[in-house]
Amino acid sequence: MNILSIETSCDETAVSLIKVEGQFPEATYEILGNALHSQIELHAQYGGVFPTMAKREHIKKILPMMEMALEEAEILTKSTEEIPREIQEKLHEILFREEGLADELIAFAEKHERPEIDLITVTSGPGLEPALWVGVNFAKAISYLMNIPVVPVNHMEGHILASIFDIEEDDKLSNISFPAISLLISGGHTEIILMKDWGEYEKIGQTLDDAVGEAFDKVARMMDLEYPGGPKISKLAEEGRRQNLPPFNGKELPRPMLHSKDLNFSFSGLKTAVLYAVDGKELSEEEKQALSRDFEDAALEVLLKKTSAAIEEHGAQTLIVGGGVSANQHFRQEFNRHCLTAFPDLTVYFPNPGLSTDNAVMIALAGHAKSANASNPAAARFIKADGNKSLDD
Ligand code: KG4
Ligand code: ZN
């Protein structure tokens, strides 16, 4: 089975074509085509993601990304067949808000035979609303045009499955033991999810204000670093650690909610503490290194403490860390080191570096999981290929 997957929830326009063999969760996923356009440069000049600008960019890039993925997969063949008037009109209706996209799609369809795709999966949330709709409407249009069912998926489930996708060994999902705890750390989310089985998710902790990635990005801005701040802070912190620099301003940063009895987080206070510490000053390179390290240490301590509490509370066998911030090398090292001593029987998973930030491969995995998971009735809610139904998840 070939899955076409689409991701437009934030600032990456991503499309992939994945060949699936076998049944979930033992299936093999071969990445036949994988295209991704990052809008980072566009948003960097404004210091963050602008939803309406993201939408416009997704509209521009989604069809080229699909074409790129399908070309890489070598499943496009030429055609010169005209698309009937009524189908063209319907496509214009579905893509009413995506200016120009219907005409582009019609031109594409008139040049190519219907490619061999059996299922479309698309991120339906969470994410930036205007950005999400581009992917969802595009999926609906393809679904209608090519008569292919589409399954809407949750972006966070994508991150979880990406973290256990063994892309280096056998292109399968790792055979994890339940219960599993998943710590999702991204630009928009900081969540602890209890997974009792495949497809059974329960959110048991979350941030009450900023996401940890968002805090990385905002702290970076205070130090005049470009969006996204995570990778830049992480480099500076590494240097600060290597040189064993004293704490910035001679003071530790706060660890918000470290001692709260629940599994929730708060990062807004930490961000504000950095704001006061910087106090509008221009920092030297060394000061940036020290402050970055202090910030990482503070965020990491809270993440480790709450995740450990969740593992203990639920007797977890597996820890799955996912989302953009899980690319952080220091976090990876410290999570592994800590868990090895505190929970010797626990298996810890981090995503392959290429799959830690947003991508379409993870959306294909989540779509396959959802469509295959018949034991979970809420999971297999297909949307028929009539292009009319809404994709509410
Ligand atoms: O998962 P993701 O690509 O998008 C969302 O779903 O939000 O995560 C993006 C976030 C950004 O906040 C970025 O600064 C952060 O991941 N990030 C990092 C690193 N690489 C990306 N944070 C810390 N260290 C990194 N190496
Ligand atoms: Zn994400």
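The values are calculated or read from the model by the stated rules, or taken from the named source; none is laboratory data. Note that this is a predicted model, so its numbers are computed, not measured. For neighbour counting, all protein chains shown are included, and Cβ atoms are generated from backbone atoms with ideal geometry for every residue, glycine included. Side chains included, ligands, DNA and RNA excluded: accessible areas come from the protein's heavy atoms. Shrake-Rupley method; radii C 1.70, N 1.55, O 1.52, S 1.80 Å.
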**Message:** Restricting to segment 35-44, name every residue that is within 16 Å of ligand 2 (Cβ to nearest atom), open to solvent by 60 Å² or more (accessible area, probe 1.4 Å) and not hydrophobic (A, V, I, L, M, F, W, C).
**Reply:** none
**Message:** Every residue in segment 300-339 that is outside any helix (DSSP H, G or I), under 23 Å from the mean Cα position of the chain (by Cα) and of a type outside the set (S, T, N, Q), please.
**Reply:** 319, 320, 321, 322, 323
**Prompt:** How do the pairs read when you match residues in segment 337-362 that are closer than 17 Å to residue 195 by Cα with residues anywhere that are more than 15 Å from ligand 2 (Cβ to nearest atom), using Cβ under 6 Å and keeping only pairs 6 or more apart or on different chains?
**Reply:** 346/319; 346/339; 347/318; 348/319; 348/336; 348/339; 349/164; 350/332
**Request:** Would you check if there is a residue in segment 100-112 being more than 16 Å from ligand 1 (Cβ to nearest atom), crowded, with 17+ Cβ neighbours inside 10 Å and closer than 21 Å to residue 368 by Cα?
**Result:** no
**Matching option when the condition is at pLDDT 95 or above and within 15 Å of ligand 2 (Cβ to nearest atom), among 185, 176, 192, 204** = 185
**Item:** Where residue 47 falls short, out of the listed (1) of a type outside the set (Val, Ile, Thr); (2) within 18 Å of residue 364 (Cα to Cα); (3) surrounded by fewer than 18 Cβ atoms within 10 Å (Cβ to Cβ); (4) touching a helix residue (DSSP H, G or I) at 6+ places or on another chain (Cβ under 9 Å)
**Value:** (2)
**Request:** Please tell me if residue 26 is surrounded by fewer than 19 Cβ atoms within 10 Å (Cβ to Cβ), touching a residue at least 40 places away in the same chain (Cβ under 8 Å) and away from ligand 1 (no atom under 15 Å from the Cβ).
**Result:** yes
**Request:** Within segment 190-204, identify whether any single residue is assigned by TED's automatic domain parsing to the domain that holds residue 287, touching a helix residue (DSSP H, G or I) at 6+ places or on another chain (Cβ under 8 Å), assigned to a loop (DSSP other than H, G, I, E, B) and within 30 Å of residue 45 (Cβ to Cβ), and answer yes or no.
**Result:** no
**Asked** Within the set of pairs 6+ apart or on separate chains, which have a first residue in segment 264-276 that is modelled with pLDDT under 95, a second that is in a helix (DSSP H, G or I), and C-beta atoms under 9 Å apart?
**Response** none
**segment 140-163, subset among the aliphatic types (A, V, I, L, M) and away from ligand 2 (no atom under 16 Å from the Cβ), residue farthest from residue 180 (Cα to Cα)** = 145
**Prompt:** Pick from 7, 21, 57: which is within 16 Å of ligand 2 (Cβ to nearest atom) and either over 20 Å from residue 133 (Cβ atoms) or in contact with a helix residue (DSSP H, G or I) (Cβ under 8 Å, 6 or more places away or on another chain) (or both)?
**Reply:** 7
**Prompt:** Among the residues of segment 207-219 satisfying the criterion of being part of a helix (DSSP H, G or I) and more than 15 Å from ligand 2 (Cβ to nearest atom), which is most open to solvent (accessible area, probe 1.4 Å)?
**Reply:** 218
**Request:** Determine whether residue 289 is open to solvent by 30 Å² or more (accessible area, probe 1.4 Å) and touching a helix residue (DSSP H, G or I) at 6+ places or on another chain (Cβ under 9 Å).
**Result:** no
**Message:** If a residue must be part of a helix (DSSP H, G or I) and without any contact (Cβ under 8 Å) to a residue 40 or more places away in the chain, how many such residues does segment 104-124 contain?
**Reply:** 5
